[in-house]
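One structure is given here, and the rest of the page talks about it.
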Amino acid sequence: MIKKCPRCGADHRKKGTYCSLSCANVRTHTQADKDIRRKKLLDYHKTPESAATREKASRSRIAYNKGLEYNAIPQEDYAVEIPTVMGDIEDYEMFDNFERIEKW
């Protein structure tokens with residue numbers, strides 16, 4: 001069955017009324033909808049999460065403009081020393097608080 005797209009007038013056999021996603025994406029927002037979104041966005045900008053996000057984005061953009069790589073948390077903060085285990089692991093005192101996977 002051939003259908004006619006109400007937006008562009010093209011003939012199509014696709015499911016739905018419109019011929020494509022770009023033709024179907026024609027929404028009109030009322031002023032009340034825009035005011036609700038505006039209020040929620042302004043309320044969000046007053047939160048600490050918003051300030052942290054803006055600061056991170058700012059630092060990232062400054063580093064990018066200078067040609068540097070930006071890492072929010074330095075790689076050294078994640079680095080841990082890996083112990084060298086010789087023999088049986090149960091001989092080491094530092095592993096007393098860890099359960100073996102067989103017990104899980």
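For this structure, a couple of remarks:
- Residues of the range 16-48 classified as of a type in the set (Asp, Glu) and within 23 Å of the chain's Cα centre (by Cα), total: 1
- Some residue of the range 15-30 being in contact with a Gly (Cβ under 8 Å, 6 or more places away or on another chain) and either surrounded by 10 or more Cβ atoms within 10 Å (Cβ to Cβ) or in contact (Cβ under 8 Å) with a residue 24 or more places away in the chain (or both): yes
Quick note: the coordinates plus some simple rules give every number you see, no bench work behind them. Treat the numbers as computed from the prediction; the structure is a model and nothing was measured. We place every Cβ from the backbone using ideal geometry, glycine too, and count neighbours over all the protein chains shown.
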